[in-house]
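Below: one structure, written as structure tokens.
Here, each number is a calculation from the coordinates, and none is a lab measurement. In this text the structure is predicted, and so the values were computed from the model without any measurement. Don't worry about glycine lacking a Cβ; one is built from the backbone with ideal geometry, like all the others, and counts go over all protein chains shown.
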Amino acid sequence: MRVLVLEDEALVSMLLEDMLSDLGCQPVGPFSELQAAQDYVRAEPDGMDGAILDINVAGYPSYPLAEMLKANNVPFAFSTGYDTSGIEPEWRDRPALRKPFMLADIQAVLEALRRSVPA
């Protein structure tokens, strides 16, 4: 599974990348800037099977990228250091990865993403 990663904290990004690799996934990116991730999705709309998006990237919400992924039928989850009340109501049905996370947390989110892929 190719998983796009949008995370602006370098250590969290590296940890997430390592954990995804340990779970047999191919990390895409990781991207630390919203615009760079959006540019990638525009250029490679089929370049990922799923995504994990930090809610707040350098002070900007990642919802514009979430909209793009939704339009392309790419399943995604949000990553946040807050509880789900920090996620806009329209997006609360998406899987959420709470920081700090463990390998089992990422595995559960990946399983949720796999289940949401259209057949």
Each label sits 7 Å from Cα toward the beta-carbon; between residue 116 and residue 67 the label points are separated, in nm, by 1.8
About its Cα centre, the chain carries a charge dipole, from +1 on Lys and Arg Cβ atoms and -1 on Asp and Glu Cβ atoms, whose size in debye to the nearest 20 is 320
Mind computing the radius of gyration and Dmax over the alpha-carbon atoms of the chain? Å is fine for both.
-> 12.7, 36
Put +1 on the Cβ of every Lys and Arg and -1 on every Asp and Glu Cβ in segment 7-72; which of 62, 25, 11 then has its Cα farthest towards the positive end of the dipole?
-> 62
Of all DSSP beta bridges having both residues in segment 23-119, the percent classed as antiparallel (nearest 5) is 20
Per DSSP, loop chymotrypsin sites (Phe, Trp or Tyr not before Pro) in segment 46-93 with at most 15 further Cβ within 10 Å = 82
Taking amide H positions as placed in the peptide plane 1.01 Å from N, state which residues far from residue 79 in sequence (5 or more) or on other chains have amide H under 5 Å from it.
-> 53, 54, 55, 97
Pop out the ³J(HN,Hα) list for segment 46-63 in order, Karplus 6.51 cos²θ - 1.76 cosθ + 1.60 with θ = phi - 60°, rounded to Hz; leave Gly and Pro as x.
-> 9, x, 8, 9, x, 8, 10, 10, 5, 5, 10, 10, 6, x, 10, x, 8, 4
Amide proton proximity set for residue 4, modelled H, under 5 Å, gap of 5+ = 28, 49, 50, 51, 52
Under the rule of -39500 (n - 2.57) per DSSP H run of 4 or more residues, summed and divided by the residues of the chain, what mean residue ellipticity at 222 nm is obtained, to the nearest 500 deg cm²/dmol?
-> -11500 deg cm²/dmol
